[in-house]
Amino acid sequence: MKVKFGIVVFPGSNCDHDAYFSVKHILGYEAEFLWHKDHSIKNSDVIILPGGFSYGDYLRSGAIAKLSPLMQEVINFAEGGGIVIGICNGFQILTESGLLPGVLLKNESLKFVCKDVYLKVINANSAFTNLLNKEILNIPIAHGEGNYFADEKTLEELNKNNQIVFKYSDNVGNLNSESNPNGSVDNIAGIINKRGNILGMMPHPERVCNPILGNTDGTSIFRSVVNSFLK
Amino acid sequence: MLKEPEVTLQLAIEHGLTEDEFNNICEKLGRIPNFTELGIYSVMWSEHCSYKNSIALLKTLPRKGGKLLVKAGEENAGLVDIGDGMAVAFKIESHNHPSAVEPYQGAATGVGGIMRDIFTMGARPIASLNSLRFGSLKDARTRFLVDGVVRGIGDYGNSFGVPTVAGEVYFDECYHGNPLVNAMSVGLVKTDSVASATSKGAGNPVMIVGSSTGRDGIHGATFASEEISAKSEAKRPSVQVGDPFTEKLLLEATLEIIKENLIIGIQDMGAAGISCSTTEMSAKGKSGMKIDLSKVPLREDGMTAYEIMLSESQERMLVVVKKGNEDRVKEIFEKWDLHCEIIGEVIDEPKLYIDYEGKRKAEIFPHHLVLGGGAPVYRREFKKPTYLKKTKSFKMTSLPEVENIEEAIYKVLSSPNIVSKRWVYEQYDSMVRTNTVVGPGCDAAVVFIKGTQKALAMKTDCNSRYVYLNPREGAKIAVAESARNIVCSGGVPLGITNCLNFGNPYKPEIFWQFREAIAGMGEACRAFETPVTGGNVSFYNESPDAAVYPTPVIGMVGLIENLSHITTSYFKNEKDLIFILGEDFEELGGSEYLKVVHETVAGDSPQLNLDTEKQLHERLLFLIRNKLIQSAHDISEGGIVSALVECSILNRKKMIGAKVIIPVKTRSDFSLFSESQSRVIVSVKKSDRAAFEYYMLRQKAPYRFLGMTGGKQVKINDEITLPLSKLENIYYNTLSQIMGS
């Protein structure tokens, strides 16, 4: 089958074109933009909620986006088992919508941070990681509110169900406070829901797909998703 | 509603106009202006909008030629052809005064303003740069300003979705009360869809789009045209408030109406708001307008015509639409949830009629108000400053020899001016749009152009200590160093934009600095064939203590014709050979070493030979295109030692040490810290050595073998050993330790 990516455009999304370019022009998959005021996901097989500052995010990141007309469709799609990837602001929207557990607080430093970080792959069998051939990925972050928090009971659940997909680490996989760029609990960088069809991650895989930029660690995440349809 | 005050000479003077200017206005109108008209004249004839004290000299700069498509000053930003039917638009602008009293909003709206200048031409902004100067970091107020300015730039640019890719940050006591915040934006446009800031065609509707209009920023332009004093704090309401989200929507909607060819002209509203956009567009199209201010969407009740005309509310544009397209334009702005109202129409008569609530509030001649029209042009007095005698007579040989050279090296390397600005640039999204090949932290940033094999290199630069000690030479160096940085990254310099930050032009010594700097800049721009595409003059950068150092910041853009030419400054492999191109003349005047170790700013600036510099650029480009060098890094502040250390540690993922012999002429501190110009450190693969040296010898080019890369330390002259781990800690952590996070 031909897998089609739908990339949601909220007013204030600013990684929408990056996701589109990487998925369509670097990886060669079908892709289409989805407008926030519309009521249709246009037969997309995978939905990407891109990074940015939806509706300005002046209130709380993602708090307005979850109320948009298109988001109601995305929620229905996700609850029916459809594959959804939320990157950065997309992750914030997923937690605000209740599709993923936990919240994303202001970074511990109270500052926006943009830099390359290393991610240790914790779950390599998910719909989003099944083609990963490395244990450590090098993917950038760029956010002011990426400090993942969940209470102990939720963390226990996440661990038990293998829902933690990525953790911030150093270049050899050590998990410690030095390798934690924003104060996230247990260095958590990305999680999936219990059913395994929804991924939220703060790092930006769409930024590391083009070989011209010198790093293609992000490609295997999108490839894994497509691969999961072929199984 | 308050009764409008009676207009008198006294009131005009309080508005910043002179007696002559007031008389000129009365003569032109044939009557005394009313209150609204006085307000419009006062902002339009402020230094900020009229360039009245600088324009005569600015016209001596090379403002056309090369690949310039639009002459400087003709549109909102300069435009340079880069082939393939594309052009690059770029401009730099200051927001010094607002940032001095309200650092966060001042800096944020500085970014917003310069972005609008770019997209109002139909260009999509692809990169943002800046140039920041503050007082000493030992001062708590400075740290407050640094924190606010950096957050302001970051929050605006990050939300707007344009990467901040390069910049410079300097600290010096002279900027204590008057920091400099200069923001630059670079955009791309197809040459067949460039928009113009003009208005013509009687009957065409005039629309205001974007945010509603409030009382923020009234008289911002006038505030920017006076010295900062104890009273400045009271001008905080003159600072505008930024909304990057609305600006992002405005960007998308604006590009759509330009792409669909629906409009005659468009201009952003920055300084002097509706006053400036209506008069400048009318003057450019030799037409007039009838405007009804009652149609302007307001965010506050009870605003007067005076306030509406002078408001500097952000994220607004004035659009002259081709009649018949109003509905389509409205549809596009509605799609983006933005205001879009018809507020008047174009008329053939070259006059501007402003009505409000059924009453005529102004009746003026657009041409008389604008730069290049009736706005005053002054030639100020100038006089060589007396301080130069003292600084020039300083004898370097009188400097005591340092006892411990390693200690001096670490002292220079720890200077906030030398260390990595990681603490700053990690707060900026430098990667969004996924075009950033070389981001902040290297010589010049490199942003590639999707769908082509090309990239743009860009950089801001100025060493204001040099300019202070020798304005002409210092300005030449600012241009040369920007060009050298562009060339080191594999690019051919295309053109510059300038942000001329100086003191009060009515002081003859300040004006002498300005005159000299313009002369030096012109010489250098002609030599490198980099015309001035536009820019900004910021006078009155003075606090109660003194004027800032004259700071003519250069923003340069270059074209990298093939992605394979992209070159970075750091060492690539162990056991590569290290060479230096260029010669040392033991020049310490204005150096970081003199300031940090001997606590003085004195001497003459380094000398710059434009022919030597140009040859260096040609040779570097030859070496890069023929793949004979692995890295190229220019020598600037901190001399050869700082440059070498940076070559070793700039790539934090793969640091590579070096073992070198640096030839000493008279004294080792002189040779290690000299800031002689036109010098570049390159690394060469062993297998390329013969070809490299053959070329250099055939060119009769000055160069020298320094040593070899490798190991975990930088070893100099067998006596100095600098471990990489210690250098890394100093370089990357000093600034965050000072800023407390």
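The values are calculated or read from the model by the stated rules, or taken from the named source; none is laboratory data. Values in this document were obtained by computation on a predicted structure and should not be read as measured data. No Cβ is skipped: glycine too gets one built from the backbone with ideal geometry, and neighbour counts run over all protein chains shown. Ligands, DNA and RNA are stripped out before the accessible areas are found, and what is left, the full protein with its side chains, is counted by its heavy atoms. Shrake-Rupley method; radii C 1.70, N 1.55, O 1.52, S 1.80 Å.
Per-atom-type breakdown for segment A:4-228 gives carbon and sulfur 48% of the accessible area (1.4 Å probe, protein chains only). Computed over segment B:567-741, the P(r) tail beyond 22 angstrom holds 46 percent of alpha carbon pairs.
The angle between the Cα long axis of helix B:273-285 and the main principal axis of chain B comes to about 90°, on a 0 to 90 degree scale. For the pair segment B:113-169 and segment B:264-340, the centres of their Cα atoms are 26 angstrom apart. Within the shell defined by Cβ-Cβ distances under 14 Å, the residues around residue A:204 carry a net charge of -3, with Lys and Arg each +1 and Asp and Glu each -1.
Kirkwood radius for chain B, taken over all pairs of different Cα atoms as the inverse mean of 1/r, rounds to 26.4 Å. Inter-chain Cβ neighbour count for A:74-85, averaged per residue, equals 0 (cutoff 10 Å, partner chain atoms only).
Taking a label point 7 Å from the Cα of residue B:701 along the Cα→Cβ vector, which residues of segment B:547-564 have an amide N closer than 18 Å to it? Output list for this probe position: B:561.
Less than 5 angstrom separates the built amide H of residue B:370 from those of B:375, all sequence-distant by 5 or more or on a different chain.
Spin-label model, residue B:655/residue A:2: points 7 Å from Cα along the beta carbon direction are separated by 5.2 nm. Considering only A:172, A:101, A:162, and ranking their Cα positions along the charge dipole of chain A that arises from unit charges at the beta-carbon of Lys, Arg, Asp and Glu, the one farthest toward the positive end is A:162.
For segment A:4-228, DSSP calls about 55 percent of its internal beta bridges antiparallel. Label-to-label distance, residue A:134 versus residue A:154, with points set 7 angstrom from Cα along the beta-carbon direction: 3.0 nm. For the listed peptides B:556-564, B:191-199, B:474-482, A:141-149, a ranking on the average number of other beta carbons within 10 Å per residue, highest first, reads B:474-482, A:141-149, B:556-564, B:191-199.
Calculated FRET efficiency, residue A:108 to residue B:137, Cβ-Cβ distance, R0 = 25 Å: about 0.60 to the nearest 0.05. In a simple Cβ point-charge model (Lys, Arg +1; Asp, Glu -1; nothing else charged), segment B:84-151 has a dipole of about 180 debye relative to its Cα centre.
Our summary gives chain B a relative contact order of 15 percent, counting only alpha carbon pairs under 8 angstrom and 6 or more residues apart. Taking only the C-alpha atoms of segment A:12-153, the Rg (one decimal) and the largest Cα-Cα distance, Dmax (whole number), read 15.3, 42 Å. Positive-end ranking of A:216, B:580, B:115 along the dipole of the protein assembly as shown, with charges on Cβ about the Cα centre, is headed by B:580. Probing with 1.4 Å while keeping every protein chain in the model, the per residue accessible area of segment B:567-741 equals 39 Å².
Between segment B:407-445 and segment A:62-112, what is the separation of their alpha carbon centroids in Å? That distance is 33 Å.
Normalised by the number of residues in segment A:4-228, the average gap of Cα pairs under 8 Å and 6 or more apart makes the relative contact order 20 percent. Per-residue shielding of B:239-247, expressed as the average number of other chain Cβ atoms within 10 Å of the residue Cβ, stands at 2. Only helices enter this figure: runs of n ≥ 4 DSSP H residues, each worth -39500 (n - 2.57), summed and divided by the residues of the protein assembly as shown, yield -9000 deg cm²/dmol at 222 nm to the nearest 500.
Shielding value for A:212-224 is 2, the average number of Cβ atoms from other chains within 10 Å of each residue's Cβ. Distant-in-sequence amide contacts of residue B:703, defined by a placed amide H-H separation under 5 Å and a gap of 5 or more residues or a different chain, comprise B:582. Applying 0.36 nm per residue to the separation of residue B:575 and residue B:330 and subtracting their alpha-carbon distance, the gain on full extension is 81.8 nm. Work out how much length residue B:84 to residue B:56 would gain on full extension: take 0.36 nm times their residue separation and subtract the Cα-Cα distance, in nm to one decimal. Net length gain for the segment: 6.5 nm. Electrostatic bookkeeping for residue B:569 treats Lys and Arg as +1 and Asp and Glu as -1; over the other residues with beta carbon under 11 Å from its beta carbon, the sum is -2.
Can you classify the protein assembly as shown as rounded, prolate or oblate using the Cα gyration tensor, where a ≥ b ≥ c are the square roots of its eigenvalues, rounded means a/c under 1.5, and otherwise it's prolate if a/b beats b/c and oblate if not? Oblate.
Applying a DSSP loop filter and a limit of 12 other Cβ atoms within 10 Å to the trypsin sites (Lys or Arg not before Pro) in segment B:67-143 leaves B:138.
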